[in-house]
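Only one structure is covered here, and it is reproduced in the block below.
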Amino acid sequence: MSKENHTPEQDYYIENGLYVFTEHYHKKRGYCCKNGCRHCPYGFKKKKK
């Protein structure tokens, strides 16, 4: 399933062969992993080197 076809309740979609976790998944998990995820609902931004 691509980014364009995912629903708000899905945990992830596949983009260019990679799993992209949705905001729904992160909220369901309940904490920030601090990996700079694209859909992070906790506001964490990875620092650029």
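The values are calculated or read from the model by the stated rules, or taken from the named source; none is laboratory data. For clarity, every value in this text was computed on a predicted model and none was experimentally measured. Glycine gets a Cβ as well: all are built from the backbone with ideal geometry, and neighbour counts include every protein chain shown.
Give me the pairs, please: first residue somewhere in segment 29-42 and without any contact (Cβ under 8 Å) to a residue 40 or more places away in the chain, second residue anywhere and loosely packed, with under 11 Cβ neighbours inside 10 Å and hydroxyl-bearing (Ser, Thr, Tyr), beta-carbon distance under 9 Å, and either six or more positions apart or on two chains.
Listed by first residue and then by second, the contacts come to TYR42/TYR31.
Within segment 4-26, take every residue that is loosely packed, with under 12 Cβ neighbours inside 10 Å and at negative phi and give me the one that is nearest to the chain's Cα centre (by Cα).
First, pick out the residues of segment 4-26 that are loosely packed, with under 12 Cβ neighbours inside 10 Å: 4-5, 7-9, 16-19.
Retained after the next criterion (residues that are at negative phi): 4-5, 7-9, 18-19.
Details: GLU4: 14, ASN5: 15, THR7: 13, PRO8: 12, GLU9: 12, LEU18: 11, TYR19: 9 Å.
If we take residues in segment 4-26 being loosely packed, with under 12 Cβ neighbours inside 10 Å and at negative phi, then TYR19 is nearest to the chain's Cα centre (by Cα).
For the chain, give me each residue that is at pLDDT below 85 and not in a loop (DSSP other than H, G, I, E, B).
LYS3, GLU4, ASN5 - these are the residues of the chain that are at pLDDT below 85 and not in a loop (DSSP other than H, G, I, E, B).
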